[in-house]
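As structure tokens, the structure follows; a few thoughts come after it.
The values are calculated or read from the model by the stated rules, or taken from the named source; none is laboratory data. On a predicted model such as this, the values are computed, not experimentally measured, just so you know. Positions of Cβ are generated from backbone atoms using ideal geometry, with glycine treated the same way; all protein chains shown enter the neighbour counts. Remember, those area values only see protein heavy atoms, side chains included, never the ligands or the DNA or RNA. Shrake-Rupley method; radii C 1.70, N 1.55, O 1.52, S 1.80 Å.
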Amino acid sequence: MSDYQLNPHYASDDVKQEANRVGFGRGLLAAGKANESIVALCADLTDSTQISVFRDEFPDRFVEVGIAEQNLVTVASGMARAGKIPFTASYAAFSPGRNWEQIRTTICLNDQPVKIVGAHAGISVGPDGATHQMLEDIAIMRVLPNMIVVAPGDSIEAEKATRAIAVNGKPSYIRLAREKTPIFSTENSPFEIGKAYILRQGTDVSLLGTGTMTYQLLLIARMLEEEGISAEVVHVPTIKPLDEHTILESVRKTGRVVTAEEAQVAGGFGSAIAELLSEKMPTPVKRMGMYDRFGESGSPSELAVHFKMTASTMIDDVRAFIEKVPQYKPGY
Amino acid sequence: MSGTLTIHQLQHKANVVREDIIKMLLAAGSGHAAGPLGMAEIVTTLYLDIMNIRPSQPNWKERDFFFLSNGHTIPVQYAAMAEAGYFPKEELLTLRQLGSRLQGHPERTKLPGLENTSGPLGSGLSQACGVAYTLQHIDRELQRHVYVITGDGELNEGNIWEAAMFAGKYKLSQLCLFIDRNNIQIDGNTEDVMPLESLAAKWQSFGWHVQEIDGHNVESIQDAASMARAITEKPSVIIAHTIPGKGVPYMEYDYKWHGGAPNSEQAKEALRKIRTLDGKITGEHE
């Protein structure tokens with residue numbers, strides 16, 4: 001295995017689980033202690049976004065804007081003009097959902113280092129239902145020039161990603177989930193914005209995951225191994241900019257790609273991979289995720305099964321893809 | 001800066017800015033006429049008298065801030081900035097051209113001296129609030145002021161009222177908003193499209209100190225800004241009543257000149273009117 005330093009217990013039933021927003025909360029606190037220019041703003045969702053952790057330590061550097069997401073990011077843009085490094089937090093459905101234009105104009109075009117935290121992304125939001133299950137955020141953020149897009153795989157990585165974003169000097173988006181998810185990385189695992197990581201080496205197919213879906217790919221790879229299929233698992237926490245080198249190296253080797261995201265496949269992570277490969281290394285791609293429909297109310301675990309976002313509900317489609325589509329290796 | 005120009009001289013400078021606006025729009029072949037012409041006294045007085053700025057040091061650490069929220073009126077700000085010495089006046093004629101620092105709607109990164117990027121309406125007040133909040137509540141730089149201009153049609157945008165509530169809650173007393181109350185927007189007069197009155201009552205209820213002035217009277221502009229600086233427990237709004245297209249009789253009061261540049265015949269007539277103050281000064285060169 002590579003030097004990623006996977007959690008050796010990642011596949012056990014009692015693997016440690018933590019919501020990656022908790023890691024964000026820790027990371028923002030650490031970033032705030034390291035740099036007094038860091039400020040935080042929230043639109044009436046401090047506890048569920050975990051920005052409350054920063055607020056409790058640095059109340060003078062926290063700004064409550066109320067349920068006003070347009071104001072959330074534009075006030076943040078102004079604070080950046082005054083020399084601060086603002087983190088803004090709300091649910092992804094509202095930010096960037098509601099305030100995408102203000103992000104485009106006052107943060108991206110205006111080039112201010114505001115960090116957008118999109119909490120409660122994906123269907124794992126659960127009973128609140130489709131209105132709150134933001135699935136389009138990856139697509140609408142990666143298409144903005146001058147925006148970095150990160151989807152951490154677990155809570156430990158979310159902490160590192162937050163700290164990295166705090167010092168990158170650029171507009172950035174970090175997507176977080178509501179629910180506890182298994183921790184597959186360790187404190188010693190690397191994280192760098194713009195880098196993808198080989199978690200498991202293989203030769204028959206490249207399984208590319210982003211955010212918390214990478215974990216399901218790890219489980220799928222184990223299941224495939226028992227069937228004699230050697231799957232390579234690549235974790236791609238930075239969706240923009242993509243680590244083209246690592247991704248292409250894997251695809252050159254396997255000639256067959258599956259992507260997974262808790263988001264619309266249209267315009268999302270899988271689309272970014274398909275775009276890259278079409279231009280640089282045409283290869284068959286199976287994008288797994290949400291297929292042009294909204295979520296709905298249910299428990300997170302029920303929804304994950306219902307929308308085929310668990311290893312056991314995804315494996316059939318992955319296996320069918322591998323059986324139907326030969327490896328395409330023209331010697332790139 | 002403050003006190004070096006008389007009221008009469010500032011009024012004259014405002015008319016020079018008007019001429020520059022017409023010349024810019026003619027050279028560009030597109031842009032917005034009515035708003036910029038109406039705002040000439042306000043923006044000129046801010047840049048040449050009211051604001052504590054150093055044009056040769058656009059990022060001077062002690063400067064006052066100016067945010068233009070109704071970014072389509074940028075020709076008036078470019079003209080005032082050139083008059084103040086931020087860049088040579090010849091550059092004004094590059095407005096909207098490929099490669100120009102003077103973009104059709106202002107982009108902060110393109111031109112030193114701009115504090116924000118605007119065009120889509122409703123965000124400038126919030127950005128001004130972000131600066132004012134930082135100065136007052138975090139960095140405690142209480143001597144610096146944040147001036148922002150919005151249009152009145154722009155007040156249709158919800159983002160504006162989010163900012164109004166925010167400024168009221170946080171008592172952003174270093175914030176001074178000028179509303180260019182010219183009563184026009186693209187589809188017609190504001191009170192026909194989406195009525196705003198009673199505008200003063202609205203701002204008062206949001207916790208702002210409200211003044212209403214003749215937006216073409218330099219002394220009134222100075223006095224209102226001075227009062228705003230003296231109000232220390234609330235943000236200030238100055239509802240500045242202006243005539244859209246002021247200075248060019250065939251444009252005045254007409255919402256159809258909100259967007260649109262004069263052709264060369266119209267521009268020639270406009271310049272003549274501005275220079276002669278609509279025929280009051282005779283014997284002027286064309």
Need the failing condition index for B:Tyr47 against (1) in contact (Cβ under 8 Å) with a residue 40 or more places away in the chain; (2) among the hydroxyl-bearing types (Ser, Thr, Tyr); (3) assigned to a helix (DSSP H, G or I), just the number. (1)
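Which members of segment A:98-125 meet the condition of being of a type in the set (Val, Ile, Thr) and free of Cβ contacts under 8 Å to residues at least 12 places away in the same chain?
Hit for segment A:98-125 is A:Thr105, nothing else.
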If a residue must be open to solvent by 10 Å² or more (accessible area, probe 1.4 Å), in a helix (DSSP H, G or I) and more than 14 Å from every other protein chain (Cβ to nearest Cβ), how many such residues does segment A:106-143 contain? 4
Expected output for segment B:228-249 (first residue on the phi > 0 side of the Ramachandran plot and modelled with pLDDT of 95 or more, partner open to solvent by 10 Å² or more (accessible area, probe 1.4 Å) and of a type in the set (Lys, Arg), Cβ below 8 Å, 6+ apart or cross-chain) is B:Gly247/B:Lys273
Out of everything in segment B:155-198 that is more than 11 Å from every other protein chain (Cβ to nearest Cβ) and aliphatic (A, V, I, L, M), what residue ends up being nearest to B:Lys246 (Cα to Cα)? B:Ile184
State all residues of segment B:77-113 that are in contact with a strand residue (DSSP E or B) (Cβ under 8 Å, 6 or more places away or on another chain) and either assigned to a loop (DSSP other than H, G, I, E, B) or within 14 Å of chain A (Cβ to nearest Cβ) (or both); if no residue qualifies, say none. B:Pro106
Flag if B:Gly151 is under 25 Å from B:Tyr253 (Cβ atoms) and either within 11 Å of chain A (Cβ to nearest Cβ) or over 19 Å from the mean Cα position of the chain (by Cα) (or both): no
For segment A:59-105: of the residues being of a type in the set (Phe, Trp, Tyr) and open to solvent by 40 Å² or more (accessible area, probe 1.4 Å), which is farthest from the other protein chains (Cβ to nearest Cβ)? A:Phe94
Residues that are touching a Ser or Thr at 6+ places or on another chain (Cβ under 8 Å) and open to solvent by 10 Å² or more (accessible area, probe 1.4 Å), drawn from segment A:247-273: A:Lys253, A:Arg256, A:Glu262
Exactly one of A:Val234, A:Val251 is within 20 Å of A:Ala158 (Cβ to Cβ) and among the β-branched types (Val, Ile, Thr), and that residue is A:Val234
Given segment A:22-101, what helices (runs of 4 or more DSSP H) lie entirely inside it while holding 3 or more residues that are under 21 Å from B:Gln136 (Cβ atoms)? A:69-81
Filtering segment B:195-217 down to residues that are of a type in the set (A, V, I, L, M) and farther than 27 Å from B:Ala132 by Cβ yields none
Only one of A:Ser37, A:Ser52 is within 14 Å of another protein chain (Cβ to nearest Cβ), hydroxyl-bearing (Ser, Thr, Tyr) and without any contact (Cβ under 8 Å) to a residue 60 or more places away in the chain, namely A:Ser37
Looking at segment A:277-295, which of its residues are under 22 Å from A:Thr212 (Cα atoms) and surrounded by 14 or more Cβ atoms within 10 Å (Cβ to Cβ)? A:Val285, A:Lys286, A:Arg287, A:Met288, A:Gly289, A:Met290, A:Gly295
Considering only segment B:124-146, state which residues are more than 9 Å from chain A (Cβ to nearest Cβ) and either crowded, with 24+ Cβ neighbours inside 10 Å or in a helix (DSSP H, G or I) (or both). B:Gln136
Selection status of B:Glu19, more than 27 Å from B:Ala228 (Cα to Cα), open to solvent by 70 Å² or more (accessible area, probe 1.4 Å) and part of a helix (DSSP H, G or I): no
Matching residues in segment A:212-241 - criterion: being more than 19 Å from A:Asp317 (Cβ to Cβ) and crowded, with 21+ Cβ neighbours inside 10 Å: A:His235, A:Val236, A:Pro237, A:Thr238, A:Ile239
In this structure, is B:Gly38 within 18 Å of B:Leu10 (Cβ to Cβ), away from every other protein chain (no Cβ under 14 Å) and open to solvent by 30 Å² or more (accessible area, probe 1.4 Å)? no
Take segment B:53-104 and flag every residue that is free of Cβ contacts under 8 Å to residues at least 60 places away in the same chain, open to solvent by 70 Å² or more (accessible area, probe 1.4 Å) and in contact with a helix residue (DSSP H, G or I) (Cβ under 6 Å, 6 or more places away or on another chain). B:Arg101
List pairs: first in segment A:146-157 and touching a residue at least 60 places away in the same chain (Cβ under 8 Å), second open to solvent by 10 Å² or more (accessible area, probe 1.4 Å) and of a type in the set (Asp, Glu), Cβ under 6 Å, 6+ apart or cross-chain? A:Ser155/A:Glu18
